[in-house]
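Report on one structure; see the data block that follows.
The values are calculated or read from the model by the stated rules, or taken from the named source; none is laboratory data. Bear in mind the structure is a predicted one, so any value in this text is a computation, not a measurement. Glycine also receives a Cβ, built like all others from the backbone with ideal geometry; neighbour counts cover every protein chain displayed.
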Amino acid sequence: MTDDVMRFFAAWMLTHEAADEGLKAAVLRGEQGGAEGMTGGPDAFVDGLAAMVAEEKENLKRDLEARARGEEVSIEKQSDPALEDVRFEVAELRGRMDNIEALLESLVRKLGQ
Amino acid sequence: MASRESVIVRVVLKRLVAALPAAGFGLAPATRRRAAWARALRRAFEELGPAFIKLGQLISVRPDEFSDEFVAEMRSMQDAVPALPAEAIRRVIAAEFGAAPEELFASFDNEPLASASIAQVHRATLAMPYRPVWGDTLPAGADVVVKVVRPGAAESIRGDIVVARRLLTRIGATRVGRRVDPVALLDEFGTTVERELDLRTEGRYADRFLYDFRDDPKVVAPRIVWSRSTAKVLTMEFMRGWRLTDIEAAKAAGVDTFALAVHGATAFMRQVFVYGRYHADLHPANLFVTPDNTIAYLDFGIVGYLTPEERMNITQVMAALVYRDPDRALTYSAKLGVDVPADRIEPVRAGLGELLDGTTRADGTRDFAHFGLGFLKLLGEHGIKIPSGYGLLIKSLATVEGVARALYPEIDIVKTAQPFTTRILGRAMGDPARLNERMPLAVRAALRELVA
Ligand SMILES: Nc1ncnc2c1ncn2[C@@H]1O[C@H](COP(=O)(O)OP(=O)(O)OP(=O)(O)O)[C@@H](O)[C@H]1O
């Protein structure tokens, strides 16, 4: 859930796109503040966050349009992080096996000497 | 053993006595006195070999525990130990694998590439292709480096720790640090070194690092060749490039050091805030910039870990730095284990306020080291103990700032952290528990707006 929170806000922002002038102003301020966003204090932080959500909203919009055209959308193309982790764990295990195999070969060589 | 003990005592005493004039026979001002003793100890450590050199390196990353003079001196410690003849290294390889280097590699360079207190590094080429844990297969003939633990290093270090421990227990609590228990520190040191003596730990971390940065082509680390590695031998991809100590050569070759400084600092923030695992032994010799404009991280001997909760609290301390909010810094430092006694809160908050006010440089960028190291010092002056992880992180951030600023003097390290910290704070807002707690307030505020 927490990972999707940006998407959640973005969706909200998208559906309220036309409505909120105050929010638009905040996004603008946040964008102008750039990476500096947090500097000015809690308000500037919220502006910065609003700008980030707005960015996410643009992604969401693109995704929705793409889906309407029947294309795969970026969030669905993103590989599942849990699956990626498993892939890494397996690769790591393979590394350990290589290591053990080398150890066994060394042992055999040493015994033969 | 008894003889090693007397060697240690003799070397330390000899150096301390030699430092007496510089220390004004104990009558010079405190900082000068401390500097003189620190220099004497640094020389003694260099003379005493690997265990002490490593101990010095450990001290150099603990500004929370030791005086500035001591830390600075230990940082300048020479780790360029005279190289061992290739024969000695070849014997270690033969003992580990039951085969000569030539049987294991297509070629092996007898000329060492580098020689440090624990390990010596030689170049070689692979005889067979190797598919690493992460990344493309290394082809036969690929350039690799073979890092080999110096023969006897493990034994002499373990032996020295036993001796030093006995000596310290006997002398009792000498005040080497601000408030350290020297025996406890030595035990902590023992575990750290023990980990470094098994090179496979380092190799595993390099694999993990490559995986963590799989989506960032600009940040690389050597791929490990597990079929040619043991506890004492680590074979890995040879990284071509310039150490940050040779940055002028890199610039001359057209490397975009400005862009790399920003990217390198961002990569570090990602380690801290996203993964909670970070390279805690960064210094300019462990970072390469490569001809194709990437940053290579080397030598994962020391790694720092942070839980998600710690990351959240660190984020809040960063926010405190930005807002110049001493109360916030104190609140979240307390959650990180910095325990300020009630009667100390006022002076510490005042000191913190001063630090925060002095954190912005003339050019508008923020000086993290000024704040971070100043904060550790402030706590030290008030006799407040700093959890070792917190000290290590602050020191690492200060180092990253120093390294990045050497490349790009206008960089603001706090700014590079901002996208990460904003995300963490943003996420915390969506935390169900927090939503439960805050939602009623937010709804009430919203309703108030609506009816207004
Ligand atoms: N993969 C690599 N490619 C190129 N050079 C390397 C590689 N690994 C190590 N080196 C060189 O060897 C030096 C020493 O390596 P490393 O830092 O890993 O050894 P160490 O014994 O852990 O050193 P320290 O005592 O500084 O921790 C590095 O500074 C670098 O110049």
Hey, B:Glu73 without any contact (Cβ under 8 Å) to a residue 60 or more places away in the chain and surrounded by fewer than 19 Cβ atoms within 10 Å (Cβ to Cβ) or not: no
Residue list for region B:249-285, restricted to those being in contact with a Phe, Trp or Tyr (Cβ under 7 Å, 6 or more places away or on another chain) and within 20 Å of B:Phe238 (Cα to Cα): B:Ala249, B:Ala250, B:His279
Failed criterion for B:Phe258 (all others in (1) within 16 Å of the ligand (Cβ to nearest atom); (2) assigned to a helix (DSSP H, G or I) hold): (1)
Top-ranked residue in region B:239-254 [being more than 16 Å from the ligand (Cβ to nearest atom) and within 16 Å of B:Thr294 (Cβ to Cβ); ranked as nearest to the other protein chains (Cβ to nearest Cβ)]: B:Lys251
Where B:Phe258 falls short, out of the listed (1) in contact with a strand residue (DSSP E or B) (Cβ under 9 Å, 6 or more places away or on another chain); (2) more than 14 Å from every other protein chain (Cβ to nearest Cβ): (1)
Test: B:Arg208 is within 11 Å of chain A (Cβ to nearest Cβ), more than 15 Å from the ligand (Cβ to nearest atom) and in contact with a strand residue (DSSP E or B) (Cβ under 8 Å, 6 or more places away or on another chain): yes
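For B:Met236, indicate whether it is assigned to a helix (DSSP H, G or I) and either in contact (Cβ under 8 Å) with a residue 40 or more places away in the chain or more than 16 Å from the ligand (Cβ to nearest atom) (or both). Walk me through it before giving the result.
Details: assigned to a helix (DSSP H, G or I): no; either in contact (Cβ under 8 Å) with a residue 40 or more places away in the chain or more than 16 Å from the ligand (Cβ to nearest atom) (or both): yes.
It is false that B:Met236 is assigned to a helix (DSSP H, G or I) and either in contact (Cβ under 8 Å) with a residue 40 or more places away in the chain or more than 16 Å from the ligand (Cβ to nearest atom) (or both).
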Out of B:Pro222, B:Pro217, sole residue that is of a type outside the set (A, V, I, L, M, F, W, C), in the same structural domain as B:Phe108 (by TED's automatic domain parsing) and within 15 Å of the ligand (Cβ to nearest atom): B:Pro222
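Restricting to region B:118-143, what's the tally of residues that are among the hydrophobic types (A, V, I, L, M, F, W, C), more than 8 Å from the ligand (Cβ to nearest atom) and assigned to a strand (DSSP E or B)?
First pass over region B:118-143, keeping only residues among the hydrophobic types (A, V, I, L, M, F, W, C): B:118-119, B:121, B:124, B:126-128, B:133-134, B:138, B:140, B:142.
Those left that are additionally more than 8 Å from the ligand (Cβ to nearest atom): B:124, B:126-128, B:133-134, B:138, B:140, B:142.
Subsequent filtering for residues that are assigned to a strand (DSSP E or B) retains B:124, B:126, B:138.
Count: 3.
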Residues (within 14 Å of chain A (Cβ to nearest Cβ) and of a type in the set (Ser, Thr, Tyr)) located in region B:297-340: B:Thr315, B:Tyr323
